[in-house]
Amino acid sequence: MRGREWPIGVFDSGVGGLTVLRALRDRLPEESFLYLGDTARLPYGSKSPETVARYAEQASRILVERGIKALVIACNTASAVALERLRERFGPLPVIGVVEPGAAAACEAAPRGRILVIATEGTVRGGAYERAIRALRPEAAVISAPCPLFVALAEEGWVDGPIAAAVARRYLDPFLIKEEIECVVLGCTHFPALRGVLAEVVGPGVALVDSAESAARVVAAQLAEVGLRAPAGQEGGLRFLATDAPQRFQRVGALFLGEAIGGVELVDL
Ligand code: DGL
């Protein structure tokens, strides 16, 4: 039987999901978290939906076997293709993806519904964001653009400076010039790391939104609904697993999480 003091499982292909973990920590400081970065198989964004769904299931399974009370898919690519499959496999465990929360944040930030979604190739190809946004706002004008190099820049820790800025301009300028974009959705959990550069490129009139905070709100609400919020006064904790290069994960991950990462256990899926 799952207990209130159990950790929440969180996974991504790499360090990107730590942007979601950070928001979860801010909202739920008394909770413990077990995070897996599937660094051996990153990137997910250029792989087929079948492969990503299989990887997502394997990543989830190891977290479930360790004992978690909820599972957060802190990866848009995996959320887009595997949310239903993971709910089927691991239900009644609450399984929360990041696409719907991101779509909700976008609708709040775009009064006229003119939205640009930037994401991995896999997320763009599947159209999950368009569907999620249109479910909330049928008249929205949604454009999606794949920006796969942002994942590599983020994993490398090159999140500011001239190289990141040049890549961002190359990807975004065509849309910003032609379309009256009100809001850009950072539809990949790696992208918030480049927020500073992206804000400069899109300019002050365009909002940048990501799913981290709204996903954290959904997690808090779902845990409360099933009576599984951590007991008041519990001291939250963090544990990390990675499928490759744990020292690298520790070093780069600290930038994403905004705090030092104590130790990372190497695991094989
Ligand atoms: N961070 C992931 C996402 O949100 C995927 C990055 C990748 O592995 O391509 O889509």
Flagged in the stretch 231-250 as assigned to a helix (DSSP H, G or I), of a type outside the set (S, T, N, Q) and more than 19 Å from the chain's Cα centre (by Cα), in numbering order, are Pro246, Arg248
Could we say that Leu42 is within 16 Å of the ligand (Cβ to nearest atom), at pLDDT below 95 and of a type outside the set (Asp, Glu) here? yes
With of a type in the set (A, V, I, L, M, F, W, C) and closer than 27 Å to Tyr55 by Cα as the only criterion, which of Val226, Val218 stands out? Val218
Test: Val226 is in contact with a helix residue (DSSP H, G or I) (Cβ under 7 Å, 6 or more places away or on another chain) and either closer than 14 Å to Gly14 by Cβ or touching a residue at least 12 places away in the same chain (Cβ under 8 Å) (or both): no
Take the residues of the stretch 14-30 that are outside any helix (DSSP H, G or I) and open to solvent by 10 Å² or more (accessible area, probe 1.4 Å): which is nearest to the ligand (Cβ to nearest atom)? Pro29
Could you run through the stretch 181-217 and say how many residues are buried (at least 19 other Cβ atoms within 10 Å of the Cβ) and either of a type in the set (Val, Ile, Thr) or in a loop (DSSP other than H, G, I, E, B) (or both)? 13
Among residues belonging to the stretch 134-153 that are in a helix (DSSP H, G or I) and touching a strand residue (DSSP E or B) at 6+ places or on another chain (Cβ under 8 Å), point out the one that is farthest from the ligand (Cβ to nearest atom). Arg134
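The values are calculated or read from the model by the stated rules, or taken from the named source; none is laboratory data. Computed from a predicted model, the values in this text were never measured in an experiment. With ideal geometry, Cβ positions are generated from the backbone for all residues, glycine too; neighbour counts draw on all protein chains shown. We work out accessible area using only protein heavy atoms, side chains counted, and drop any ligands, DNA or RNA first. Shrake-Rupley method; radii C 1.70, N 1.55, O 1.52, S 1.80 Å.
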